[in-house]
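Computed from the coordinates by the stated procedures, all read-outs in this text should not be read as laboratory data. It should be emphasised that the depicted structure is a prediction, and the values quoted were computed from it without experimental measurement. Because the Cβ atoms are built from the backbone with ideal geometry, glycine has one as well, and the counts that use them run over all protein chains shown.
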Amino acid sequence: MKKYKNYLMDMDGVLVRGATAIPSAQRFIDTLNERGIHYLVLTNNPMYTPRDLAHRLQTAGIQVTSDHIFTSAIATARFLERQLPNGKAFVIGESGLTDAIHHAGYVMTEANPDYVVLGETHGYNIAQITKAIRLIARGARFVATNPDPSGPSEEGVVPACGAMAALVKEATGVSPFFVGKPNPYMMRSALTYLGAHSEETVMVGDRMDTDIVGAVSSGLDTVLVLTGVTRREEIGRFPYQPTYVLESIGDIEL
């Protein structure tokens, strides 16, 4: 396997499975730290701050600091900052999203916002969704953190950003701009954050339809690990293929 200067990696299915660490994931992180290899953990989850997610990983036994975590919320805030500095947004989301948008210099308001930003919450509020629909109908631009239609919870599957964005789209006729994976913007934004070049970077993921296609679209080499949702026999049906297929992240030769 080619040696890379930088590593991007998904979190769920690559480093952890639920609240359990993937065997050898910590050893891989330790080796990156020891050799001074740059890396970021990428996640489409916009609800939590990097500090929250670092704590979650540490609870599972994976020691990753918050400065090595990059979320779709951070990418969304950077997108807004580049498109319209010091703008206004009506935001539906948790602290991971609201903190990132505040740090980007945005005012959060429902009074004539430039953007409606849809993230994920622990419980969507129909009054907020209705307000978002009316603001978009009046001309606010529609941005969403990630296209995932559903996500896991302790009680079972819950609707995620993609599902609620579909509801708003149907009500307004306006399609959102999804920032998170598989949008190449997420990958390119992470590369910029890391100060890395695509030719020297590899993306490690467990999903062909988000991690791998997003990285391929960004010109990155890819590693598909089989510790998440994708099975080996499913890989061949996709028109794009990973550069490498490995059983787990611990099989990467640094």
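Miscellaneous remarks
- The chain: relative contact order as a whole-number percent, Cα under 8 Å and 6+ apart: 21 percent
- Point-charge dipole on Cβ atoms (K/R +1, D/E -1) for the chain, about Cα centre, debye to 20: 620 debye
- With contacts taken as Cα pairs under 8 Å and at least 6 residues apart, the range 1-68 reaches a relative contact order of 38 percent.
- Extension gain, Arg51 back to His197 (0.36 nm per residue minus Cα-Cα distance, nm): 50.0 nm
- Estimated dipole of the range 1-117 in Debye, rounded to 20 [Cβ of Lys and Arg +1, of Asp and Glu -1, Cα centre]: 540 debye
- Out-of-range pairs (alpha-carbon distance over 32 Å; input Lys88/Lys169; Lys5/Lys169; Lys5/Lys181): Lys5/Lys169
- Long-range amide H partners of Tyr106 with built H, under 5 Å: none
- Each residue of the range 236-244 is assigned a 3J(HN,Hα), and the resulting list reads x, 7, 8, x, 10, 10, x, 5, 9 Hz, derived from the Karplus form 6.51 cos²θ - 1.76 cosθ + 1.60 (θ = phi - 60°), x at Gly and Pro.
- Helix-only mean residue ellipticity at 222 nm for the chain, each DSSP H run of n ≥ 4 adding -39500 (n - 2.57), per residue, nearest 500: -9500 deg cm²/dmol
- Sorting Lys88, Lys181 from the fewest to the most surrounding beta carbons within 10 angstrom yields Lys88, Lys181.
- The aspartates and glutamates whose alpha-carbon is closer than 12 Å to the alpha-carbon of Lys3, local same-chain residues fewer than 8 away aside, are Glu199, Glu200, Asp221, Glu253.
- Crossing angle, helix 184-194 versus the chain [Cα axis fit, 0-90 degrees, rounded to tens]: 70 degrees
- Whole-angstrom Cα spans of the range 85-178 along principal axes, big to small: 38, 30, 22
- Build a GNM of the chain with springs between Cα atoms under 10 Å apart, and of Leu191, Leu224, Leu84 the one that fluctuates most is Leu84.
- Normalised by the number of residues in the range 1-146, the average gap of Cα pairs under 8 Å and 6 or more apart makes the relative contact order 21 percent.
- Which labelled figure in (1) 40, 31, 19; (2) 30, 24, 18; (3) 31, 18, 17 is semi-axes √(5λ) of the Cα gyration tensor in Å, once derived from the coordinates: (3)
- Taking a point 7 Å out from the Cα of His122 in the direction of its Cβ, the residues of the range 71-92 whose backbone N falls within less than 18 Å of it are 92.
- Of all beta bridges that DSSP places with both ends in the chain, some 10 percent have antiparallel geometry.
- In this label model, Val107 and Thr20 are separated by 5.1 nm, measuring between points 7 Å along each Cα→Cβ vector.
- Inter-label distance, nm, simple model (7 Å from Cα along the C-beta direction), Arg27/Asp209: 3.3 nm
- Using alpha-carbon coordinates, inclination of helix 25-35 to the longest axis of the chain, degrees: 80 degrees
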